[in-house]
Amino acid sequence: MRFFVPFFCALLVAFSVALGVAHADQNDPGLEALFLELKDGSVLDAETTTERIVEIWSAAPSPTVTLLYQRATEAATHGEMDLAEELVAHVTGLAPSFAQGWVLQASLKLSNGDFEAAYEGYRKALDLEPRHFIATTDLADVLYANGEDRAAFDLYQQALKWNPHYARARAQAAQLREELSSQEI
């Protein structure tokens with residue numbers, strides 16, 4: 001299987017070059033309007049808008065990267081973590097400016113308990129897409145797990161700045177607000 005993955009990746013690169021490049025991801029101009037809907041509270045269905053944002057973020061910059069990203073996601077869903085990590089390494093290698101690839105890599109590292117690598121992956125994703133409220137929330141989770149409560153709280157607040165409807169960030173921020181307010185200053 002290990003021999004097959006590099007061969008498969010080389011074949012996909014050749015295929016994508018022949019097809020040309022389609023691009024969306026975090027640079028899509030349509031994201032601005034979607035974030036305004038979330039921030040202004042003018043969205044009737046925040047969940048649908050959030051799903052559309054994630055869909056745009058997940059649109060890789062080439063057919064090759066799209067296929068590798070999809071396969072990595074499927075492998076992770078089916079518990080094939082080694083394969084998922086190998087595939088996502090190709091994603092980030094072929095498309096280092098694709099924020100969602102770094103988010104997936106960081107999530108895989110986090111699931112393996114590699115907090116340092118997860119932290120680095122989320123930071124890379126946020127350097128590329130500072131509005132990535134999911135990566136921000138996940139990074140806050142990493143900091144919280146490492147006892148950095150104040151920094152985690154600040155990141156949950158940052159995630160809510162971009163998506164005030166994001167329930168996981170709201171719940172974590174509320175819990176941390178309570179914990180921090182009970183501590184002596």
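The values are calculated or read from the model by the stated rules, or taken from the named source; none is laboratory data. Note that the structure is a prediction, hence the values are computed from the model and not measured. Using ideal geometry, Cβ is built from the backbone for each residue, glycine included, and neighbour counts are taken over all protein chains shown.
List of remarks:
- Output for region 127-151, where each listed residue is under 17 Å from the mean Cα position of the chain (by Cα), of a type outside the set (S, T, Y) and under 16 Å from F115 (Cα atoms): A135, D138, L139, A140, D141, V142, L143
- Residue within region 152-167 that is over 18 Å from the mean Cα position of the chain (by Cα) and at negative phi present: yes
- Any hit, region 39-48, residues being small (G, A, S), free of Cβ contacts under 8 Å to residues at least 40 places away in the same chain and outside any helix (DSSP H, G or I): yes
- In region 22-53, the residue that is modelled with the lowest pLDDT out of those that are surrounded by 15 or more Cβ atoms within 10 Å (Cβ to Cβ) and among the hydrophobic types (A, V, I, L, M, F, W, C) is A24.
- Every condition in (1) buried (at least 17 other Cβ atoms within 10 Å of the Cβ); (2) closer than 21 Å to L155 by Cα holds for F98 except the one numbered (2).
- Residue ID - nearest to L110 (Cα to Cα), chosen from residues in region 54-70 that are modelled with pLDDT of 95 or more and surrounded by 21 or more Cβ atoms within 10 Å (Cβ to Cβ): Y69
- Positions within region 152-181 being closer than 24 Å to L38 by Cβ and aliphatic (A, V, I, L, M), in sequence order: A152, L155, A159, L160, A167, A169, A171, A173, A174, L176
- Restricting region 115-132 to residues that are assigned to a helix (DSSP H, G or I) and either in contact with a His (Cβ under 8 Å, 6 or more places away or on another chain) or among the acidic types (D, E) (or both), the residue that is surrounded by the fewest Cβ atoms within 10 Å (Cβ to Cβ) is E116.
- Only one of the numbered conditions (1) exposed (fewer than 15 other Cβ atoms within 10 Å of the Cβ); (2) at pLDDT 90 or above is not met by A75, and that is (1).
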